[in-house]
1. Take the conditions more than 16 Å from the ligand (Cβ to nearest atom), at pLDDT 95 or above and surrounded by fewer than 24 Cβ atoms within 10 Å (Cβ to Cβ) and apply them to Gly121. Does it pass?
2. Cβ-Cβ below 7 Å, separation at least six or inter-chain, first residue in the stretch 323-337 and free of Cβ contacts under 8 Å to residues at least 40 places away in the same chain and farther than 21 Å from Ala250 by Cα, second open to solvent by 40 Å² or more (accessible area, probe 1.4 Å) and not in a loop (DSSP other than H, G, I, E, B): which pairs?
3. Check whether at least one residue in the stretch 99-109 is within 16 Å of the ligand (Cβ to nearest atom) and not in a helix (DSSP H, G or I), and report yes or no.
4. Here are some residues: Arg230, Arg217. Which one is in contact (Cβ under 8 Å) with a residue 24 or more places away in the chain and within 16 Å of the ligand (Cβ to nearest atom)?
5. Looking at the stretch 124-156 only, could you name the residues that are surrounded by 19 or more Cβ atoms within 10 Å (Cβ to Cβ) and within 10 Å of the ligand (Cβ to nearest atom)?
6. Report those strands (runs of 3 or more DSSP E) wholly inside the stretch 188-294 carrying at least 1 residues which are more than 30 Å from Trp103 (Cβ to Cβ) and open to solvent by less than 10 Å² (accessible area, probe 1.4 Å).
7. Checking Arg193 against (1) of a type in the set (Lys, Arg); (2) closer than 18 Å to Phe63 by Cα; (3) away from the ligand (no atom under 16 Å from the Cβ): exactly one of these is not met. Which one?
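The values are calculated or read from the model by the stated rules, or taken from the named source; none is laboratory data. Computed from a prediction, not measured in an experiment: that's the story for all the values here. Cβ placement follows ideal geometry from the backbone for every residue including glycine, while neighbour counts extend to all protein chains displayed. SASA here: full protein model, heavy atoms, side chains in, ligands and nucleic acids out. Shrake-Rupley method; radii C 1.70, N 1.55, O 1.52, S 1.80 Å.
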Amino acid sequence: MSTALSRRRFLAMPAAFGAASLLPGGFAAALAEEAPPMPDLSDWGKVRAQFDLDPAWLHFASFYLASHPKPVRDAVEAWRRAIDRDPYQTVEHNGYSEDPAEWVPGHVLAAIAGYVGGRAGDIALTHNTTEGLALVYHGLPLKPGDEVLATAHDHYSHITSIAYATRRAGASMRRIALYEDAATATPDAMVGRLLQAVSPRTRVVGLTWVHSSTGMRLPVREMVDALKERHPDVLLVVDGVHGFGSTDVAAATLGADYFCAGCHKWMFAPRGTGMVWASAENWARLTPIVPDFSEIEGWNAWIEGRERKGPTTAERMTPGGFQAFEHQWGALAAFRMHEAMGRARVGARIRELNDQLKADLAGIRKVRLHTPMSGELSAGLVAFEVDGLKPEDVVKRLLQARIVASSSPYAVSYARLAPSLVNTPEEVERAVRAVRAIAGA
Ligand SMILES: Cc1ncc(COP(=O)(O)O)c(C=O)c1O
């Protein structure tokens, strides 16, 4: 990397772009001429046709890690070709250009900003949810005696990030259950449990938007409103990965102080891409952990042998070092694809398929549903048990019926089916029939 780095200002970015033949020196022009137009995504069959998933199987675990849809494959491949032709010029030019039209990460940030309803300058690009959570918790100004309040429902990545960060700071973590039984939990009861658990030492609350253990989608807005009314100084970190791309909610309006998500699950962005959104005020609270490769002030300070000036920003918190640039830049196509499909339309389709699955599973004797029936308290994951069978055995039996399901990696584990845009109502019916057969009902 040269030291001639730019101070980019998120100037009037052109609307988000897709893939192109991306030679250095004319990104915008090359795109205008060569970007394959976004395919017609006006019906769900056309959306499904974008995926290379093996048709011999019904894919009900697609949230685990994205299969790249065609627009994303094309974008990744176009960037790969450009980088393989000339790594130095392509990366130096498109990764660090002074011209906002040529600076590809700026286009990616603009597209994410449009999707989350925030500002491009408030978004840090990461590699996954885990990295975003680790950066935020380690960046927070925790002191000995401080407490981070988390829940029994958070993922390994979230709890381990808090454990490492609190241990280093001499702070502590406490975990509470927001419900005993997700299927019967109510927003009021969950808000009540959270408020009751906040102590005078609580500085940060960590929540997970959609629990991958039970499929519960927390009423984050109600929780944050209640929390901030009584404890305005307590910060809220949200692991949002399973609501991001599966619901019609603009993440930046959810109420979290820090919203961390991978883009490589429901968003279909290239594997190894993620993001964190926070306001400028909240970014400024953090201490960076990994050197960024983008803010000119950092390089100037290093060259001049002085302290870096100015507050921490999303840009400063974005992990630097060279990247799998074809994947990072290919994320643009995924956000464009979601823009073309429409967040509301995507959310409604996923809800419809999940409602169908839940209603039908609930009618099977010997099946116990753990995900709330309400579409407001759930998203794309349906967790269930079959009497007398371990979750992994249910998953094995479904595999024998050519249905890819998963079990949740938590202390209490359930079988999960996750209807998404790659599925149809008929596939949901087939999955239900298979569960019925497994249950012997
Ligand atoms: C709730 C939750 N958070 C975090 C992760 C880890 O995500 P990533 O691979 O993006 O780090 C997972 C994994 O599926 C998850 O279910």
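1. The answer is yes for Gly121.
2. From residues that are free of Cβ contacts under 8 Å to residues at least 40 places away in the same chain and farther than 21 Å from Ala250 by Cα, there are no pairs.
3. No; the residues of the stretch 99-109 include none that is within 16 Å of the ligand (Cβ to nearest atom) and not in a helix (DSSP H, G or I).
4. Sole residue among the options that is in contact (Cβ under 8 Å) with a residue 24 or more places away in the chain and within 16 Å of the ligand (Cβ to nearest atom): Arg217.
5. The answer is Thr126, His127, Asn128, Thr129, Thr130, Glu131, Gly132, Leu133, Ala134, His153, Asp154, His155.
6. 202-208, 235-239
7. Result: Arg193 fails condition (2) only.
Residue-by-condition table, conditions (1) at pLDDT 95 or above; (2) part of a loop (DSSP other than H, G, I, E, B); (3) open to solvent by 10 Å² or more (accessible area, probe 1.4 Å):
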position: Arg351; (1), (2), (3): yes, no, yes
position: Asn354; (1), (2), (3): yes, no, no
position: Asp360; (1), (2), (3): yes, no, yes
position: Arg368; (1), (2), (3): yes, no, yes
position: Thr371; (1), (2), (3): yes, yes, no
position: Glu376; (1), (2), (3): yes, no, yes
position: Glu385; (1), (2), (3): yes, no, yes
position: Gly388; (1), (2), (3): yes, yes, yes
position: Arg397; (1), (2), (3): yes, no, yes
